[in-house]
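> Right, I'll just put the structure down here and ask away after.
The values are calculated or read from the model by the stated rules, or taken from the named source; none is laboratory data. In this text, all values refer to a predicted model and were calculated from it rather than measured experimentally. Glycine also receives a Cβ, built like all others from the backbone with ideal geometry; neighbour counts cover every protein chain displayed. Note: accessible area is taken over every heavy atom of the protein model, side chains too, but ligands, DNA and RNA are not part of it. Shrake-Rupley method; radii C 1.70, N 1.55, O 1.52, S 1.80 Å.
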Amino acid sequence: MSSSNASYTLRYFDAIGLAESSRILLTAAGVEWTEEHPEWPQEKLNQPHGRLPVLVEKSTDGSPDFVICESSNVERYLARTYGFLPADLKQAALQEQLRDLISDVVSLFFTQVQCKNKEDKAEFQTKFEGLLETLINVQTKLLKDNGNTGRMFGDKLSYADIITYGLYIKLVVGFVKFNADIADNVKSKLTPEIVKLISTVETDPLVVKYKSRGGSLVAALSA
Amino acid sequence: MLSGSDTVYVLRYFDVIGRAEGCRLLLTAANASWTEEHPEWPAEKANQPFERLPVLVERSNGNEWILCESLTIERYLARVFGFMPTDLKQAALQEQMADQQADLLSAFFAQLTATGDMKPKQIDEFNTLFDRMVKEHGRILSRSSSKQHLFGDHLSYADISLYAFYKLFIVYLKCYQSDIAEIVKSKLTPKIINLILSIEKEPQLAPHFSKCDTMAAIFTAKDF
């Protein structure tokens, strides 16, 4: 585990977007962190891959700061460093595969948004909903198999719990500006087990002090 | 190595390069006992945990363990077989390259399927991202002690992932877009081409090329 003297800057837009899981992980890790909202696109070329989010781990010994990017990579790094991903390779991989599936669901959503013609839009909407349904089935089964405690693995807050919460705050709150119907569409598909996970994450002692710019997802689900 | 000598792997995928080449190369480089299965599709869809391929099946001591999602399978195999650094920072620097490559693949499909005024925008986005990525590969290579490897002087996950990525674009994706290989080749620097061909010559990867062609013949003298 990394030293608790570490401090971080998370560079992203002032939006939920792809950064919420990283924000929650930084909060749950109990480390010092701040957020920067770079001027965009002016700051594009100053980022390693020309994109956001970027995580800067500030150096304490005069060496260059450690900088990484790619949202899922930032999440995995924080999760491994602060113990939210297990050290056991198989156990970690079982959690990581969920995040890769989430990436594809989000990607299909954005493809649908970008389609201009009605047939393409409908085609990608169907693909998005189909993969989301697969994901919901996988998530629900894990939650049931773990005793429907609102946790996917074991009895503590895990990376899998956090990235699942991160997905749903995106779809129910963050992405509404791209597609007005998505919130109602997704809410109607959520199983009781997933709703319980959302509440368990939001009220976890490690997370409870985090206030999302999107507000409470629990509240958004009952709205 | 964290895998017992009685462990065998089955990689389930389609009989194409697709998204499984990194997994194939890792299993080969690891000298693991492995075979490939090409499930009837879509008949076998419902029998896969995420209804998708690839799937990795690991069998050991009578137990069976299953993992999904190509990038997770790659990272798992890379860790089991020692191609991923154990230092978390060094690992993250390699993993982000694979994530960037996955973004490029998405951008490729986005520009392929875009219509109307979105098409030129998506093509532009793809080209910008690709050029930026090639520059990043060049930057990492210039800081590497070896010009045949991205990090250190041994074959690493990053090398294998990079090779699989370029093979995907230069050998496979022409089935979707006939000119993509030439477009991508024209973006590569001589140093990157040299890296690709050096990785290909790694002794650990030799068994892979008993089943498919190397890319050496694709790059002629004028590409260097």
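> Report the residue count in the range B:125-174 for those that are touching a residue at least 12 places away in the same chain (Cβ under 8 Å) and charged (D, E, K, R).
Residues that pass the stated criteria total 6.
> Which of the strands (runs of 3 or more DSSP E) found entirely inside the range A:15-108 contain at least 2 residues meeting this: more than 8 Å from chain B (Cβ to nearest Cβ) and open to solvent by 50 Å² or more (accessible area, probe 1.4 Å)?
On the way: elements: A:32-36, A:54-57, A:66-69.
The qualifying strands (runs of 3 or more DSSP E) are A:32-36.
> Still on this structure, I have one more. Among (1) surrounded by fewer than 18 Cβ atoms within 10 Å (Cβ to Cβ); (2) touching a residue at least 24 places away in the same chain (Cβ under 8 Å), there is one condition B:Ala98 misses while meeting the rest; what is its number?
It is condition (1) that B:Ala98 fails.
> Report, ordered by the first and then the second residue, all pairs with beta carbons closer than 7 Å, sequence separation of six or more or different chains, a first member in the range B:108-124 that is hydrophobic (A, V, I, L, M, F, W, C), and a second member that is part of a helix (DSSP H, G or I).
Final answer for the pair search is B:Phe108/B:Phe126; B:Phe108/B:Leu173; B:Ala110/A:Thr111; B:Ala110/B:Gln122; B:Ala114/B:Gln122; B:Met118/A:Gln114; B:Ile123/B:Gln111.
> Please verify whether the range A:159-167 includes one or more residues that are out of contact with any Cys (no Cβ under 8 Å at 6 or more places or on another chain), among the aromatic types (Phe, Trp, Tyr) and under 15 Å from A:Val106 (Cβ atoms). Don't jump to the end; show me each part of the working.
Going residue by residue through the range A:159-167, those that are out of contact with any Cys (no Cβ under 8 Å at 6 or more places or on another chain) are A:159-167.
Checking the rest, the ones that are also among the aromatic types (Phe, Trp, Tyr) come to A:159, A:165.
With the extra rule that they be under 15 Å from A:Val106 (Cβ atoms), the set shrinks to A:165.
Yes, the conditions are met somewhere in the range A:159-167.
> Same structure, new question: Would you please list the contacts, defined by Cβ atoms under 6 Å and residues six or more apart or on different chains, that run from a residue in the range A:79-92 that is closer than 15 Å to A:Lys156 by Cα and among the aliphatic types (A, V, I, L, M) to a residue that is open to solvent by 40 Å² or more (accessible area, probe 1.4 Å) and not in a helix (DSSP H, G or I)?
A:Ala92/A:Pro86
> Is there any pair with a first residue in the range A:129-140 that is among the small types (Gly, Ala, Ser) and a second that is open to solvent by less than 10 Å² (accessible area, probe 1.4 Å) whose Cβ atoms are under 6 Å apart and which are 6 or more apart or on different chains, and what are they?
none
> Can you tell me which residue in the range B:21-60 is surrounded by the fewest Cβ atoms within 10 Å (Cβ to Cβ), limited to those that are more than 14 Å from chain A (Cβ to nearest Cβ) and in contact (Cβ under 8 Å) with a residue 40 or more places away in the chain?
Pass one, the range B:21-60, residues more than 14 Å from chain A (Cβ to nearest Cβ): B:21, B:24-25, B:27-29, B:31-41, B:43-44.
Now drop any that are not in contact (Cβ under 8 Å) with a residue 40 or more places away in the chain, which leaves B:21, B:24-25, B:27-29, B:31-32.
On the way: B:Glu21: 24, B:Arg24: 20, B:Leu25: 25, B:Leu27: 23, B:Thr28: 20, B:Ala29: 26, B:Asn31: 11, B:Ala32: 18.
The qualifying residue surrounded by the fewest Cβ atoms within 10 Å (Cβ to Cβ) is B:Asn31.
> Within the range A:132-141, is even one residue of a type in the set (Ser, Thr, Tyr) and open to solvent by less than 50 Å² (accessible area, probe 1.4 Å)?
Restricting attention to the range A:132-141, the residues satisfying the condition of being of a type in the set (Ser, Thr, Tyr) are A:134, A:140.
Keeping just the survivors that are open to solvent by less than 50 Å² (accessible area, probe 1.4 Å) gives A:134, A:140.
For the range A:132-141, residues of a type in the set (Ser, Thr, Tyr) and open to solvent by less than 50 Å² (accessible area, probe 1.4 Å): present.
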